[in-house]
Amino acid sequence: MTVVKEYYRILEISNNADEQEIKRAYKKLALKYHPDKNPSTEAEEKFKDISEAYEVLSDRKRIL
């Protein structure tokens, strides 16, 4: 599995998701796992992964 596909899995979206789907998935998961909303250690790590995935996938030049 490539790194980019891993990012899609982290955001719980399909590999052919468009920019709008990526943004929607990020917002949903960021609210769920944000450290201010969810104090668990796992949530903090998950939030970091979600943020990294969004940063990469929202910049199309980085994945082409």
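Values quoted throughout were computed directly from the atomic coordinates according to the rules given, and no laboratory measurement underlies them. Fair warning: this is a prediction, and the values are worked out from it, not measured in the lab. Cβ coordinates were reconstructed from backbone atoms using ideal geometry, including for glycine residues, and neighbour counts include every protein chain displayed.
Descriptive notes on the structure:
- Spatially close Lys pairs in the chain, defined by Cα atoms under 22 Å apart and a spacing of eight or more places or different chains, total 24.
- Over 15 Å [Cα-Cα, the chain], rounded percent: 45
- Charging the Cβ of each Asp and Glu at -1 and of each Lys and Arg at +1, and nothing else, the dipole of the chain about its Cα centre rounds to 200 debye.
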